[in-house]
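Below is one structure, written out as structure tokens; the observations come after it.
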């Protein structure tokens, strides 16, 4: 019942953004088809994909504070994309785009492998968060150096991308975004049972005959792929991945994956649609998506930390 309510909210927000934009209420077919529909599709898929990636990371690391932006995965992806954007001059547009796709994935995967190393060293949950913040700081420094070495056009393209937006995807890029997003989400369905067992604990999954080593590799690959797809097309978008699973668990009051997964996806989509709705109502202000999501996400994380104080060591 609660999942149906969440789906209904996603539909209502989507319909609103289809008929209402910066120019006000409009039913113009070309405006809806060319501008608003791509934006709505991107919000739903990007938000939902980040939310699922966050859930997989929290299950994998057994850490309720794990998220693509908190653990530095988004920053790693951004660093590799920035390097490619600055270095790949003179290539065709097609080569540039697919190169960015590959570099975005490799950046996310590289950070995952670093985090995996520290997990195997039995690092505490809070210490792992600190490592993620250090990775983000390192990536930020690397990006600053690349920016200072870049040409004006490269700098403009990167800064536009790095602000984070659900509007940067053109109608010509939509098919590639839809394909890559769905490609990153569909495999999760085939591992629901194993992930559900892992959700209880790693030892329980082992006792049920789950190949934990193989499942961990799948977690890493899927989450890295999901984060890289959204980062590539929308830039570094924060907070959706970490707060959506928490909100879903609070709403459903249970952790069974068959119910939790759609709720997490819908909440991620809702957060993205909500941020875009705020931007629509404030067209004269230069507000970024991350600024709005930060205002929503930071209090949620602080409230969670307060409730769980003493249980995160």
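The values are calculated or read from the model by the stated rules, or taken from the named source; none is laboratory data. Just so it is clear, the model here is predicted, and its values are computed rather than measured. Using ideal geometry, Cβ is built from the backbone for each residue, glycine included, and neighbour counts are taken over all protein chains shown.
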When residue 250 is run through (1) more than 23 Å from residue 5 (Cβ to Cβ); (2) free of Cβ contacts under 8 Å to residues at least 60 places away in the same chain, the failure sits at (1)
Evaluation of residue 141 against (1) at pLDDT 80 or above; (2) crowded, with 21+ Cβ neighbours inside 10 Å; (3) over 15 Å from residue 216 (Cα atoms) (one fails), failing number | (2)
Got a number for residues in region 205-229 being part of a helix (DSSP H, G or I) and without any contact (Cβ under 8 Å) to a residue 40 or more places away in the chain?
-> 9
Would you tally the residues in region 1-22 being free of Cβ contacts under 8 Å to residues at least 60 places away in the same chain and within 18 Å of residue 168 (Cα to Cα)?
-> 1
Look at residue 228 and say whether it is modelled with pLDDT of 90 or more and surrounded by 21 or more Cβ atoms within 10 Å (Cβ to Cβ).
-> no
Counted residues in region 26-83 being under 29 Å from residue 197 (Cα atoms) and assigned to a loop (DSSP other than H, G, I, E, B) come to 11
From 174, 169, which residue is at pLDDT 85 or above and either within 21 Å of the chain's Cα centre (by Cα) or crowded, with 20+ Cβ neighbours inside 10 Å (or both)?
-> 174
